[in-house]
Amino acid sequence: MGNLTLEELSGRTIVAANNLTLKPGQEAFLAPPSYAVAEAYFAPDTDWPRVVVDGDDVVGFIRGHFDQQTSQVEFQSCIWRIHIAAEAQGRGVGRFAVEALAAEARSRGFERLTVLWEPGDNSPGDFFHTLGFVDIGETRYGETIAALALT
């Protein structure tokens with residue numbers, strides 16, 4: 001990958017993020033980015049939606065959520081969504097996006113970042129484990145909860 005940057009959402013980047021193509025089987029684990037974009041506008045103080053840009057191309061989307069007041073600790077500082085274009089996977093784009101979100105969480109005073117995923121073939125579990133996330137529990141729906149220490 002070339003020179004990766006993060007950008008806030010704009011008319012151009014929202015459309016590009018919504019058109020990201022995933023690898024076969026991955027779509028079962030993700031809602032379209034447009035859902036996450038729409039949801040983010042309901043809570044602009046707590047949500048952090050960004051696109052990952054390589055040159056002129058949008059190659060990823062990540063949405064963080066920060067809310068120290070929520071009673072559910074797994075949602076205080078978390079990755080709400082991450083989508084990486086199929087052709088960009090395995091090239092450091094996802095790592096770049098997660099590290100940027102972790103840096104934002106640190107700057108807001110959080111000591112850990114969490115993520116949830118549904119287990120299964122093509123799930124993102126191996127990716128998150130590679131980045132240092134450790135399984136800490138399970139939701140009542142069977143989703144894995146993992147955390148990354150930020151200290």
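Taking 0.36 nm per residue of separation and subtracting the Cα-Cα distance, full extension of the segment from THR21 to PHE75 would add 16.7 nm.
What net charge do the residues around THR139 carry, taking every other residue with its C-beta under 15 Å from that of THR139, with Lys and Arg at +1 and Asp and Glu at -1? Display every interim value, and only then the final one.
Details: positive: ARG140; negative: GLU74, GLU118, ASP135, GLU138, GLU143.
Around THR139, the surrounding residues sum to -4.
Quick one: net charge around LEU101, please, counting Lys, Arg +1 and Asp, Glu -1 for every other residue with C-beta under 13 Å from its C-beta.
Details: positive: ARG50, ARG63, ARG81, ARG95, ARG106, ARG108, ARG112; negative: ASP47, GLU99, GLU104.
Net local charge, LEU101 excluded: +4.
Taking 0.36 nm per residue of separation and subtracting the Cα-Cα distance, full extension of the segment from ILE136 to ASP121 would add 3.4 nm.
Where a number appears in this text, it was derived from the coordinates with a stated rule and is not lab data. Just so you know, these numbers come straight off a predicted model, no measurement behind them. Ideal geometry is used to build each Cβ from the backbone, glycine not excepted, and the neighbour counts take in all protein chains shown.
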